[in-house]
1. So for the stretch 72-87 (the condition being among the aliphatic types (A, V, I, L, M), free of Cβ contacts under 8 Å to residues at least 24 places away in the same chain and over 20 Å from Ile150 (Cα atoms)), does at least one residue qualify?
2. Considering each of Arg160, Arg123 in turn, give the residue that is in contact with a helix residue (DSSP H, G or I) (Cβ under 8 Å, 6 or more places away or on another chain), of a type in the set (D, E, K, R), at pLDDT below 95 and surrounded by fewer than 22 Cβ atoms within 10 Å (Cβ to Cβ).
3. For a quick check of your reading of the model, give me the residue pairs whose first member lies in the stretch 213-235 and is loosely packed, with under 11 Cβ neighbours inside 10 Å, whose second is not in a helix (DSSP H, G or I), with beta-carbon atoms closer than 9 Å and at least 6 apart or on different chains.
4. On the basis of being in the same structural domain as Arg29 (by TED's automatic domain parsing), closer than 16 Å to Gly12 by Cβ and in a loop (DSSP other than H, G, I, E, B), does Ser116 make the cut?
5. Which condition breaks for Ile183 when tested against (1) in contact with a helix residue (DSSP H, G or I) (Cβ under 7 Å, 6 or more places away or on another chain); (2) part of a helix (DSSP H, G or I); (3) modelled with pLDDT under 95?
6. Return the residue satisfying two criteria in turn: it lies in the stretch 75-98 and is in a loop (DSSP other than H, G, I, E, B) and among the small types (Gly, Ala, Ser), and of such residues it is farthest from Ser116 (Cα to Cα).
7. Taking the stretch 148-193 as the search range and keeping residues that are of a type in the set (Phe, Trp, Tyr) and outside the structural domain of Val109 (by TED's automatic domain parsing), which one is nearest to Tyr122 (Cα to Cα)?
8. Given the conditions (1) over 30 Å from Gln7 (Cβ atoms); (2) in contact with an Asp or Glu (Cβ under 6 Å, 6 or more places away or on another chain), which single one is not true for Ile272?
Amino acid sequence: MQSIFEQKIKIGISACQFGSKVRYNGKGRDMLQNLGRDRSEFIWTPVCPELTAGMGVPRACIKLSKGNGIDFWNGEAIVKNKEGKDVSSWIKKGSISCMETLERAEIDVFIFMEGSPSCGVYRTSLKNQRLGNPPGTFGALLLQKDIFLIPSVDLQSPIRWWDWKRRMVVFIWLKKQEINNEIDLKEMWKRVSYICHELSEVETSKIKHEIAKIYVSKNNQPESYSKVKKQILDLLRRPAEMEMIKKWLWKNYIHLKEREGVIAEDILEPDILRNMTHVLEEILSIEKKVREKNISFRSSPINYKPKR
C-alpha cells in the first residue's frame, strides 16, 4: 500500500460558501480564499438546493417545521417560507437534484454551510445561537451517504483546516483500498492506527478488538474486513480535540527523534502553553522534515500530492 495519494480529491460545497451570491438575501462568501494554495489542489462542485429548487434570488427565507431534515424525508416535517407558503415539494426536488449532481461528480467530501435549514448538519438556524432543527433537509441526505463532512466556518482556522485535510486524505485513501486478507489488514492498520489513537482511544480500542478477532479466527469472511474498515472511516470523520493534537504531536516527535533521527528544536512539550498558530507551525515543521527524509509522519500518514 502506497502512502502517497496522487488523485485529485473531488469536493462538493454549498454554493454560497464558494462565493456564489445565491443565499436568500443575495449574498455569498468565498470561504475558499482562506485555503490559499490548497484551493487549487482539489476539484470543486458547488451546489445550492434552494436555488436548484427554482426559488430564485433573492427569495423569502425558509424554515423547517414539525421536525428536522430526517423527519422531512419521512413525511413528518415540512418546509415553509417566511410568507407561510409550503415549499416542501420544491425543496425535495432541489435536494435530490443536487445530490444527483454530487454523485455524478463522484465527490467523497462536502463542505457545508452550518446554520442553513437546507445544508446545515448540526444546526439549521443562525438566530440568537439557536440550533434550530438539525440536520437540515439536504444535510440529512448528506449524512445518509456517509460523505466526509466539513463545516465551512472551519476553513477560517488554519489548524482546523489542517486537521480536516489530513483526516479527509486518509478517509478517501482508505475508501479506495481493497482489504481482502490479513496481510492487507495489517498493512492498512500500520498506517492509520496512530491517527485513530489521536482521535479517540475508546473507539480505537474497539477497532483493535475487532482486528484481534480476525487474527484468531480461522474462517474470516469479507464482511469482517468491511466492518473494521467502516469503523475506521467513521472515526476519521470525527474532529480531533486541540489538546489531543498537542499531546500526540509530542509523542510523534519523540518517536521520530529516537527511531529516525529527526531533530526539530522548536517542538514544545504538550503542557507548555502556546496558541494554536504556534502548534500548527510545529506540525508543519515536522511534516517538512519527515517528507524530506521520505518517512511517515504518523499524524498525517498519507501524503497528498495531486498530479497537476
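The values are calculated or read from the model by the stated rules, or taken from the named source; none is laboratory data. Values in this document were obtained by computation on a predicted structure and should not be read as measured data. Cβ atoms come from the backbone with ideal geometry, glycine included; neighbour counts cover every protein chain shown.
1. For the stretch 72-87, residues among the aliphatic types (A, V, I, L, M), free of Cβ contacts under 8 Å to residues at least 24 places away in the same chain and over 20 Å from Ile150 (Cα atoms): present.
2. The match here is Arg160.
3. The qualifying pairs are Pro222/Ile179; Pro222/Asn180.
4. Criteria met by Ser116.
5. All conditions pass for Ile183, except number (1).
6. Taking the candidates together, the pick is Gly75.
7. Among them, the one singled out is Trp164.
8. (2)
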